[in-house]
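Just below is one structure, and these are the notes that go with it.
The values are calculated or read from the model by the stated rules, or taken from the named source; none is laboratory data. Here the structure is a predicted model, which means the values were calculated and not measured. Accessible surface is based on the protein model in full, side chains and every heavy atom, while ligands, DNA and RNA are left aside. Shrake-Rupley method; radii C 1.70, N 1.55, O 1.52, S 1.80 Å.
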Amino acid sequence: MAAVDEGAPEAEAASTEPGASAPAVARESVLASVGAPASRRARRGETTPDDEAEHPTLLQRGYLPIIRWTLKHSSVTLVLALLVLVGTGFAVPFMKTNFLGSAGQNTFSVTQTLPVGTSLDELDAASTDVERTILETEGVDTVQLSMGSGGSGIQALFGGGGEGTVTYSITTDEDADQDALQADVREELDGIEGVGEISVQVSSGFGGSSDIEVDVTAPNENALLMATDEIAEAVRDLDVVAEVTDNLSETRPYIAVSVDREDAAAAGYSEVALGAIVSGAMQPQTVGSIVIDETSLSIYIASDDPPATRDELAALEVPTPTGVVALDTLATVEEVDGPASITTVSGLRSATVSVTPASDDVGTASAEVQQAVDAADLEGGASASLGGVASDQSSAFSQLLLAALAAILIVYIIMVATFRSLRQPLLLLVSVPFAATGAIGLQVITGVPLGVPSLIGVLMLIGIVVTNAIVLVDLVNQYRRRGMTVPDAVEHGSLRRLRPILMTALATIFALIPMALGITGHGGFISQPLAIVVIGGLVSSTLLTLIVLPSLYNLVEGARERRPARREARAERRSRRATRSA
């Protein structure tokens, strides 16, 4: 025992020297490992968070007063942010909307419609002024013209042959403003009189029509005609409308044979039997077939002298028990005008009124057309509803908005799993609504309409803007785990993440500038709106993420941190009062 007692001081003395004993070595190893990170940080020239706040860079010096003021006035900061969102809502009515927008193609077509039966010479004469006017318009390079009718003679009357139309296929200068050029052509053609009806057809992106269509239905033809005229007149005088057409105007003459049932029955004919005689006189009739060299051929019997005019058809000989009589003694033969086609919807006659917007703001045009349709007094059981590009736009917007909500939900679920919190992911999503502020503002400033490409850009923004918020909040949480208070952790985390957040945002913005300037060719009708939305959303969300998110985090998480301190203070006060009373 004495030996042990005498050796103890020596062991303790030896432990103070390097390498004296294993316990000393272990103790020094632990100290070295704890100090190693600090020494490596010192060798790299890095600073601790406290040193970074005390010695900020030039960029951080400009940001430090802002973040400190917002942390001291978190409630005021959030109120100002809400006012910004309210201002964004007031800017929405000034934003244009459309479906896909103009593709910027340097081709479009013009259709000139004259009465059916117009001769080629008359068509040629009527097209001269129109063709010259189009060619004289600045920016038009070439005009290709086609005219004529697909039918001839009595066959055209019965079979609904071709129409008296002239079609102009126009190619323009690629560098010209296509929308303005098309408007100039339409304006010049409106000043020409006596050349029939002229319409300009322009396709939107992917070859789709850019017209707003009003679908009219009615139980009978008279009610349909009246309703279609009423709708066309109601929308024609609107300032947002450039052109109005309807498919009921496409009528053509035909020969109608109306059988007198009593006279036909007295002659021994029914309506079907008399119709078969007329049909046999007008076109060849199948009487059988024959097989030659293993090939089946149909046999037709044709009249040597088929009727070529209405009078010849009226004088068609019809055999009866009392002798041969003329067709007009058993039926009424007359030339009448009828629709080029008959369309039905659920058993009701239908027609379409096509409305060409005067600008690229299809949303405003659709709203005014809808108001005019609602105000129209339709009689005879007729009804009208919007279709065409207005229907396509509404459907696409609804689907993409649902996709955006689904994207937000998916991002939230992923962040909940990552942060193991239901509250902090909600704080991160504050960046999403503020992205709309810049997106809407930049679209209003540039005049680019909000369309399907823009909403696709919104979907991209949801992931981009949340990324910046994630890297900021994650670092703040790390500082809190090291023992920092919420305000200090937010301040140091914001300063530390300032440069990375700005660098990622600026890199994306500058990469999208060529697309936003519309220098990507004919594909600009998709890329330009998308780039503008992403750039505007990134600018606003980045700035507000660096200001609003720290304030919101400080307000919510700081309240949780201060709650135990308040409980301890109340408990201490109660303890003092109890001590004094005792």
Å² per residue, accessible surface of the stretch 421-489 at 1.4 Å: 37
Probe 1.4 Å, accessible area per residue of the stretch 252-339, Å²: 65
Rounded percent of accessible protein surface that carbon and sulfur make up, the stretch 188-340, 1.4 Å probe: 48
Heavy atoms of T137 accessible to a 1.4 Å probe, total area in Å² rounded to 10: 20
Radius of gyration and maximum dimension Dmax of the stretch 320-427, Cα, Å: 28.9, 102
Accessible area in the full protein assembly, largest first, 1.4 Å probe, for R310, R497: R310, R497
Area accessible to solvent at F419, 1.4 Å probe radius, in Å²: 40
